[in-house]
Amino acid sequence: MIAHQVSVFLENKPGRLEKITAVLKEQQLNIRAMTLSTSTAGWGILNLLADQPERACQVLTAAGHPAALREIVVVKMTDAPGTLHDMLLLLAKAGLNVQNAYGTVLGDQRSAILVIDVEDAESVQQIFSEAGVETLSTEQVYRI
Amino acid sequence: MYWEPEIEQLPLARLQQLQLERLHKTIECAGRSPFYQQQFASGGVAVEQLRHIDDIRSLPFTTKDDLRSHFPYGFLADPKDGPVRLHCSSGTTGNPTVIFHNQHDLASWANLVARSLYCAGVRPTDVFQNICGYGLFTGGLGFQYGAEHLGALVIPAAAGNSRRQIKLMQDFATTAVHTIPSYLLRLHSVFTELGIDPRRDTDLRLFVIGAEPHSEGQRRRIEELFGVSAYNSYGLSEMNGPGVAFECQQQNGLHIWEDCFVVEIIDQETLEPLPDGEFGELVLTTLDRQAMPLLRYRTRDLTRILPEPCPCGRTHRRLDRITGRSDDMLILKGCNIFPMQIEKVLMRFAEVGSDYLIVVENRNGSDEMQIQVEVQKEWFTGNMEALENLSRKISHEVRDEILVTPAICLVEPGSLPKSEGKAVRVQDLRKPQESV
């Protein structure tokens, strides 16, 4: 099964991010990791790794925010030089473009994960498993 | 299919004869007002020399400034058969303008609105919900009395409170609605929020839209969203209000009621009359108003007369869609731009909403245009590149239309400014703000 992040459109103005976190707080939804990509034209996209992405997307949409679920692949990173490079090389060779990627440190403080937003998550999942790169299952992702 | 078959199908020659007779009476009547009395005295108007309706061109124009500078009673012609009602503009940009009506005028106006609504397809069996401001604004009482005169059941719903509007529609099985086009798009989002499908859960079949310039694309979007036919209405308070020109079932141009108005299109620069088919400023003369006749009134609305006869059989000529008001025109880098041109382009993109705001400002000595458009929730995929491409594409297509490259600014849905009533479309920050 493919995991999802929630992507939310927002204007780059004071108070806009808070409006989104307020909705999530009210619904007791937990954010595991996030990034904010901004365009030069005054808007941006907030990517959220949440414990219940479907519900998060639903409540944000209902609150009037353009929100969408996007497929992601989550990789467990081993603590060794060159791991990231080898992994990205696999994607480059397959001609797959990474839209966005962000990492977070796990609760044990020793290992980290990388969230990759790609157009075709299924192919990436397959490439990684063939190359022996460990990816997280949906359940693992949402329970991080 | 006609409200007044004989008048609506009057052959051109007889229509012009009727116009001439009524023009003579109108001039006589106008001569009793302080403004025209003075104008006729200095210019010398010889009624007997007006032998054809085209001779109207020998009369001077009347402008909005004339109305303002003779506020409030300078145009009142008939103190004898006294005025019984007035309608007044908001006066946000100076002195307000006021129009007076006597009982004859109100009856004539109600009849024109009834004729117009009938022309668009409203029938006595309809339940007609009038969603617009009552009071000084002419759309409220104008449509109220017109639709009553036609025989429909009229709900004077007035403006605002969308949930209540929807409840009224459901409680009384409303079939026809009059309102401004931007409001219908907003109303549709409330329908969606409430989980009510207007196509399935209401009896709506016909909309009358007007009072706000809008593109053909906007009309089609409204028709699509609600599953109804939408007909354009044109009017202005100086010419009573609604009921001046209206679309028939063909939805191709608005029949202007030539038994009650003389229509001219003039070149804005030379003020010379233009032939049918050419775009210019609409100039109108009232032919059936006693309390306050207006002669050759410059409406500042830009349009043209469609030269071909209409298949519906009405002989009264048709106005093309109003392309804008001469006051709405923006001049940017030497190009003349109308907001309607930009709206036309935006309507091609389903990814953005129907509301938009054009902001013009001077940055470092250069005039720049920014267009704010709302991202549509339904089309948002979370892909940044897609949104950036969309902005570029909109910018290019607008440039192709107006020859100026705008910056496209995507904003969150519902964040554009809404005014009470008409939508705010342009903010020109180059000019000092006019005092309210």
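The values are calculated or read from the model by the stated rules, or taken from the named source; none is laboratory data. On a predicted model such as this, the values are computed, not experimentally measured, just so you know. Cβ placement follows ideal geometry from the backbone for every residue including glycine, while neighbour counts extend to all protein chains displayed. For accessibility, only protein heavy atoms count, side chains too; no ligands or nucleic acids. Shrake-Rupley method; radii C 1.70, N 1.55, O 1.52, S 1.80 Å.
Structural remarks
- In region B:386-395, the residue that is farthest from A:Val98 (Cα to Cα) out of those that are open to solvent by 10 Å² or more (accessible area, probe 1.4 Å) and more than 7 Å from every other protein chain (Cβ to nearest Cβ) is B:Ser395.
- Of all the numbered requirements in (1) assigned to a loop (DSSP other than H, G, I, E, B); (2) open to solvent by less than 70 Å² (accessible area, probe 1.4 Å), B:Tyr73 misses one, and that requirement is (2).
- Residue in region B:136-143 that is open to solvent by 30 Å² or more (accessible area, probe 1.4 Å), assigned to a helix (DSSP H, G or I), assigned by TED's automatic domain parsing to the domain that holds B:Cys312 and of a type in the set (A, V, I, L, M) present: yes
- In region A:1-26, the residues that are farther than 26 Å from B:Asn389 by Cβ, over 16 Å from the mean Cα position of the chain (by Cα) and open to solvent by less than 60 Å² (accessible area, probe 1.4 Å): A:Gly15, A:Thr21, A:Ala22, A:Val23, A:Leu24
Table: residues versus (1) assigned to a helix (DSSP H, G or I); (2) surrounded by fewer than 18 Cβ atoms within 10 Å (Cβ to Cβ); (3) acidic (Asp, Glu).
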position	(1), (2), (3)
A:Ala68	no, no, no
A:Ile72	no, no, no
A:Lys76	no, yes, no
A:Leu90	yes, yes, no
A:Thr104	no, yes, no
A:Asp117	no, no, yes
A:Glu139	yes, yes, yes
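- Contact map, region A:88-102: residues that are within 13 Å of chain B (Cβ to nearest Cβ) paired with residues that are open to solvent by 50 Å² or more (accessible area, probe 1.4 Å) and modelled with pLDDT of 85 or more, Cβ distance under 8 Å, separation 6+ or inter-chain. Pairs shown: A:Val98/A:Leu88; A:Gln99/B:Glu385.
- Tabulated pairs, region A:28-57, first within 11 Å of another protein chain (Cβ to nearest Cβ) and open to solvent by less than 30 Å² (accessible area, probe 1.4 Å), second β-branched (Val, Ile, Thr) and outside any strand (DSSP E or B), C-beta under 8 angstrom, 6+ apart or interchain: A:Leu46/A:Ile20
- Scoring B:Tyr356 on the criteria (1) open to solvent by 40 Å² or more (accessible area, probe 1.4 Å); (2) closer than 15 Å to B:Ser391 by Cα; (3) in a strand (DSSP E or B) leaves a single failure, condition (1).
- Any chance B:Ser42 is surrounded by fewer than 19 Cβ atoms within 10 Å (Cβ to Cβ), touching a helix residue (DSSP H, G or I) at 6+ places or on another chain (Cβ under 8 Å), small (Gly, Ala, Ser) and free of Cβ contacts under 8 Å to residues at least 40 places away in the same chain: no
- Only one entry in B:Val398, B:Val375 is open to solvent by less than 50 Å² (accessible area, probe 1.4 Å), away from chain A (no Cβ under 14 Å), free of Cβ contacts under 8 Å to residues at least 60 places away in the same chain and in contact with a helix residue (DSSP H, G or I) (Cβ under 8 Å, 6 or more places away or on another chain), namely B:Val398.
- Per the listing B:Gly414, B:Gly421, B:Gly365, the residue uniquely over 26 Å from A:Ile116 (Cα atoms), modelled with pLDDT under 85 and within 13 Å of chain A (Cβ to nearest Cβ) is B:Gly414.
- Residue count, region B:243-273 (criterion: in a loop (DSSP other than H, G, I, E, B) and in contact (Cβ under 8 Å) with a residue 12 or more places away in the chain): 13
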